[in-house]
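The values are calculated or read from the model by the stated rules, or taken from the named source; none is laboratory data. Every value quoted in this text rests on a predicted model; they were computed, and no experiment measured them. In this analysis, Cβ positions are derived from the backbone assuming ideal geometry, glycine residues included, and neighbour counts consider all displayed protein chains.
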Amino acid sequence: MDTDADARVAAGVTALSERSTERAGDEFTRAAWLSLADPRSDEELSPFADEDRGWVGEGLRWLVVAAVSYRVAGREARASRRGVEGIAVARDLQTTRSHPAQRACLDEFVADFRVAAGMDDADAAYRTAADAYREAGDAVDDPHRLATSPLFRAAAAPIEQVARGPANGEIAVEWDDLHGSDPSDPGAFLARRATYKRQRFPSLLDRVVDAGRLAAPRGTTEYGNDSFRCPDCDSTDVNWIAGRTLCLRCSAPMARA
């Protein structure tokens, strides 16, 4: 079932496809606010509920993407405000979570907001998150299940989206990049997320800001679909995302050939 937040995400994706990046930031901000207020509208779930899936992650995700959008649009002050807002929300949500790994993931979000908004101390924030994951390791029974829960998937999404642009629309951040090689050591397995982002997210975002273009998120894709052709780059590789049909390569709206 589509929600009001889904509609705002779709509007943000449309804005990205039209190279209206500040408008995309506005729409993703609205999506974030709606998602944070009502993370599971069909279940009337409070964002402050101490639940094990972390449905509030989607709201935080879109705040990060909003900050990135404003950075790409050259609206540094607006990006900074989203960063400050996101850090405050993540810190507040930490006080409502009992599981230390979820609290560590919120530390990871804090670091993401610092990068996305161009704020200081991102490196230290990622190190804090990595340490928190290591300390939480003994409380994690199934790191794979945790890492694929909504909170953790939402925390992975912004860097995955940002990385698409410099990679010609391809998947440039893989599961193995974000996680350690040994799930039998849950703390190290999860700490890899923060370490990888510390090493890669700032430089990836710098490249996107310099290019002045943020790729849309990746959805369902198909290569060489001759029914569609990109009017901007002539590609026939398609990305279906948020009800929109976009070019996999450059995120422009696709037209039927």
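Some observations on this one:
- P158 falls short of the stated requirement of being of a type outside the set (F, W, Y), within 30 Å of H99 (Cα to Cα), in contact with a strand residue (DSSP E or B) (Cβ under 8 Å, 6 or more places away or on another chain) and modelled with pLDDT of 95 or more.
- Here M254 meets each of (1) farther than 19 Å from Y133 by Cα; (2) in the same structural domain as T29 (by TED's automatic domain parsing); (3) buried (at least 21 other Cβ atoms within 10 Å of the Cβ) with one exception, condition (2).
- Condition met for R244 (buried (at least 17 other Cβ atoms within 10 Å of the Cβ), more than 26 Å from E76 (Cα to Cα), within 20 Å of the chain's Cα centre (by Cα) and not assigned by TED's automatic domain parsing to the domain that holds M119): yes
- Residue among L34, L60 that is surrounded by 19 or more Cβ atoms within 10 Å (Cβ to Cβ) and without any contact (Cβ under 8 Å) to a residue 40 or more places away in the chain: L34
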